[in-house]
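What follows is a short report on a single structure.
The values are calculated or read from the model by the stated rules, or taken from the named source; none is laboratory data. Just so you know, these numbers come straight off a predicted model, no measurement behind them. Note that we place each Cβ from the backbone using ideal geometry, even for glycine, and neighbour counts take in every protein chain shown. Accessible surface areas use protein heavy atoms only, side chains included; no ligands, DNA or RNA. Shrake-Rupley method; radii C 1.70, N 1.55, O 1.52, S 1.80 Å.
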Amino acid sequence: YMSYFKYFKEKLFIENTSVLNITKKNKTPFYLYSEKQIKENYLDFAKIFKSVNPLICFAAKANTNLAIMKILGKLGSGADVVSGGELLKALKAGIKPSKIVFSGVGKTEEELKLAIKERILLINVESESEAILINKIGKKINRIISIGFRINPNVDAKTHKKISTGKAENKFGVSIKNFSSFYKNIKQFKNLKIDAVSVHIGSQILSDAPYKKTLDVVAKVIKNLNIKIQYVDLGGGFGIKYSKKDKQINLNNYAKLVYDFKQKLNCDIIFEPGRSLVGNTGILVSKIQYIKKGLNKNFIIIDAGMN
């Protein structure tokens, strides 16, 4: 699964360079990444969805290493951020504000003001209260602010319960019922413009079935409310293989579904891949400090901590 990390005669190499030699010039512990793997992952993803021509926004939460964000930015990636710090990092990495979307349930007023000041592409709103606050900020500075509304499609992504985000009981997004009633009163919020509908149903998803369900739900909501929108942000969550028994998600199938969805709704698509771009690109390099004999087993003590 990590094609640029290989063992030759029990010695580990990254992109044909000995990891042991790297430790002679760099103090352990450190993270070591394969630039080739990062580029390959991004370009493969872009190729699969070529017909959709999406804006790919790397989910910065997956890895906020500045060097990685710069590599992805140069390839054309945008960023999906969930804090003011991540937003500043994305900008520092050279990612254009017009390619940045700001997600997350707990954005502070200070963070919202920063996003508005930097004129980022989209703030994905996750509650009515957040939308009201953005409208208030917009009124003060006499600006109409572009927002996406994250709806909760009540779809089970069949992933671990701690990383499921699209079911009714999850804290993310707004229920379709609540979104509908908010949208019907949108005219009273003169400084808001709903430019996108956004969804994200979880992480480490290994089947395209929950995505298909989500597309159906989103299409129905947009059609029922007759929303004129520019973007549909379909989030990320694409799973990767951690073991031989994990089955690979069929992204080619999903690409066809998204292409049909895009044609039907006449909108642009945003994706937010994270783990699928960087999950197999790095290792933690650590040195053995001590070997300690226990009663039942021996312990190897390394110089990297739990953090």
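Points to keep in mind about this one:
- Calculated FRET efficiency for the pair Ser51/Glu109, C-beta based, R₀ 41 Å, to 0.05: 0.50
- Extension gain (nm, one decimal) between Gln188 and Asn65, 0.36 nm per residue minus Cα-Cα: 40.1 nm
- In the chain, the longest principal axis of the Cα atoms and the axis of helix 251-265 are about 20 degrees apart.
- Cα-based shape type of the chain, given that a ≥ b ≥ c are square roots of the gyration tensor eigenvalues and the cut on a/c is 1.5: prolate
- Ile291-Lys36 FRET efficiency (beta carbon distance; Förster radius 41 Å; 0.05 resolution): 0.75
- For the chain, the solvent-accessible area with a 1.4 angstrom probe is 55 square angstrom per residue.
- Förster-model FRET efficiency, 22 Å R0, Lys74 and Lys24, C-beta, rounded to 0.05: 0.15
- A straight chain from Lys6 to Lys92 at 0.36 nm per residue would run longer than the Cα-Cα distance by 27.7 nm.
- Note on the chain: helix-only mean residue ellipticity at 222 nm, from DSSP H runs of 4+ residues weighted -39500 (n - 2.57) and normalised by residue number, equals -10500 deg cm²/dmol.
- Other-chain or far-sequence residues with amide H under 5 Å of Asn154's (modelled H): Ala168
- Taking only protein heavy atoms and a 1.4 Å probe, the accessible area of the chain is 53% carbon and sulfur.
- Region 118-137 and region 67-90 have Cα centres separated by 20 Å.
- Amide H within-cut-off set for Ser198, under 5 Å, with H built and near neighbours excluded: Phe149, Arg150, Ile151, Asp233
- Of the chymotrypsin sites (Phe, Trp or Tyr not before Pro) found in region 215-307, those that fall in a DSSP loop while having at most 12 other beta-carbon atoms within 10 Å are Tyr242.
- Those lysines that a straight Cα-Cα span of less than 20 Å connects to Lys223, excepting residues fewer than 8 apart in one chain: Lys177, Lys184, Lys187, Lys193, Lys212, Lys213, Lys262, Lys264
- Among beta bridges that DSSP assigns inside the chain, antiparallel share in %, nearest 5: 35 percent
- Of the trypsin sites (Lys or Arg not before Pro) in region 212-281, the ones in a loop by DSSP (not H, G, I, E or B) with at most 15 other beta carbons within 10 Å are Lys228, Lys241, Lys244, Lys245, Lys247.
- Positive-end ranking of Leu215, Asn185, Cys57 along the dipole of the chain, with charges on Cβ about the Cα centre, is headed by Cys57.
- Base-10 log of normalised Debye intensity for region 19-137 (one unit scatterer per alpha-carbon) at q = 0.10, 0.11, 0.14, 0.15 Å⁻¹: -0.38, -0.45, -0.66, -0.73
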